[in-house]
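**Q** Okay, here's the structure, questions in a sec.
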Amino acid sequence: MEILIWMAAGFFLPLFPFTVVFNALFQRFHQTWLRTLLVLLWPLPGIALLSTLVGEKASSVLPDWLLIWALLTALLYGFRGIVVKELGIWSGYVVTSAWSLLWITYGFTAIAFSLPLVVQTLILQALSFSLPLVGLIMLITELERRYDSAYAGIVSGVAQAQPVLAGLITLFTLALIASPIFPSFFFMLFNITLVIKAQPVLSAGLAMVWLLWSWSAMRLLQDLLVGPPCSPVSTSPQRNDLTGQDVSKTVALLYGSIIVMLGLAGIVIAGEML
């Protein structure tokens, strides 16, 4: 019964090769609202399935092979992110990598924490990556409206053409890859400190995943934002008119407010962890 629950949860807290399901759907859905719903709801069934095991004596500790499977999945999608140039695909790989780490969080919190606290920790950790991705999904839509693409290299020099849009993309990307002071940063620190004494190799693996996210993000942003403005010729006159336009002040203020709220949430989470 345990293994069946683990396999079912592996679709929603992605373990390779079940990861292909989420990424296929994420790449297939082009509507912003569909992608948003997918990102917000996808990990919840997995968390619900794992919560049924908390408190059962035989299920309080995940086997080492399952923790290693989760870590290898995170490393695999961290590596895949390095070679990806399309911002939407890259963001799907990063969140896949991040969600797979929820297995490690579960494996080490289910032993000592109560069921409500375990579930709360897993949901908050999942949201700490999902919410920045929602903002990034909306910004990718803004980018595609102007350039017909979000492919770094084909689209370049966004920082010169639309500096506000480029700044917002950078901030939401930093929130997604667990940069200070965002909630994802403190959850990554929490996971590393949680496992470092019991399994230092696992802790080193988590740090490597974190490094891969940062490396791939910097490569992608450099190709996308830096350099002379360059975009494919759009067949739509409306899109040609948008190419030279930055986001409006109202839209920028809205996105900026979300970033500020994420930062404040990170400070609150840090205070709770301390």
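Just so it is clear, none of the values below were taken in a lab; they were calculated from the coordinates. Predicted model, so just to flag it, every value in this text is computed and none were measured. Cβ coordinates were reconstructed from backbone atoms using ideal geometry, including for glycine residues, and neighbour counts include every protein chain displayed.
**Q** Give me the dipole magnitude in Debye, nearest 20, for the chain about the Cα centre, with unit charges on the beta carbon: positive for Lys and Arg, negative for Asp and Glu.
**A** Rounded to the nearest 20 debye, it is 120 debye.
**Q** What is the distance, in nm, between label points placed 7 Å from the Cα along the Cα-to-Cβ direction at L37 and at Q222?
**A** It is 4.0 nm.
**Q** For an R0 of 25 angstrom, estimate the FRET efficiency from the Cβ-Cβ distance between V201 and I3 and round to the nearest 0.05.
**A** According to the calculation, E is roughly 0.55.
**Q** Something else now. Mean Kyte-Doolittle of at least -0.5 plus a Cα span of 27 Å or more along the axis: flag which DSSP H helices in the chain meet both, please. Kindly include the intermediate steps, with their values, before the conclusion.
**A** Working: long enough: 64-83 (29 Å, 1.49); 115-147 (47 Å, 1.20); 200-225 (37 Å, 1.13); 249-273 (36 Å, 1.73).
Once both thresholds are applied, what remains is 64-83, 115-147, 200-225, 249-273.
**Q** Determine the calculated [θ] at 222 nm for the chain from helices alone, applying -39500 (n - 2.57) to every DSSP H run no shorter than 4 residues and normalising by the residue count; nearest 500 deg cm²/dmol.
**A** -24000 deg cm²/dmol
**Q** Work from the charge dipole of the stretch 2-273 (Cβ charges, +1 for Lys and Arg, -1 for Asp and Glu, about the Cα centre) and give the residue of M218, G205, A70 farthest towards its positive end.
**A** Of the listed residues, the answer is M218.
**Q** Also, quick follow-up: For semi-axes √(5λ) of the Cα gyration tensor in Å, the choices are (1) 53, 22, 15; (2) 35, 23, 17; (3) 35, 18, 16; which was calculated from the structure?
**A** (3)
**Q** Among L102, P14, T250, whose Cα lies farthest out toward the positive end of the dipole of the chain, if unit charges sit on the beta carbon of Lys, Arg (+1) and Asp, Glu (-1)?
**A** T250
**Q** Sticking with this structure for a sec: Place +1 on the Cβ of every Lys and Arg and -1 on the Cβ of every Asp and Glu in the chain, take the dipole about the Cα centre, and give the residue among L194, V260, L53 whose Cα lies farthest towards its positive end.
**A** The residue sitting most towards the positive pole is V260.
**Q** If each of I111 and A270 carries a label point 7 Å out from its Cα toward its Cβ, how far apart are those two points in nm?
**A** Result for the modelled spin labels: 2.8 nm.
**Q** Rounded to the nearest 20 Debye, what is the dipole magnitude of the stretch 1-160 about its Cα centre when Lys and Arg each give +1 and Asp and Glu each give -1 at the C-beta?
**A** The dipole of the stretch 1-160 has a size of about 220 debye.
**Q** Over the stretch 2-273, what is the relative contact order in whole percent, taking alpha-carbon pairs under 8 Å and six or more residues apart?
**A** 22
**Q** If R0 is 51 Å, what FRET efficiency do you get for S257 and W65 from their C-beta distance, rounded to 0.05?
**A** Here the calculated transfer efficiency is 0.70.
**Q** Something else: Give me the percent relative contact order of the stretch 33-152, please, defined on Cα pairs under 8 angstrom at least 6 residues apart.
**A** RCO, the stretch 33-152: 36 percent.
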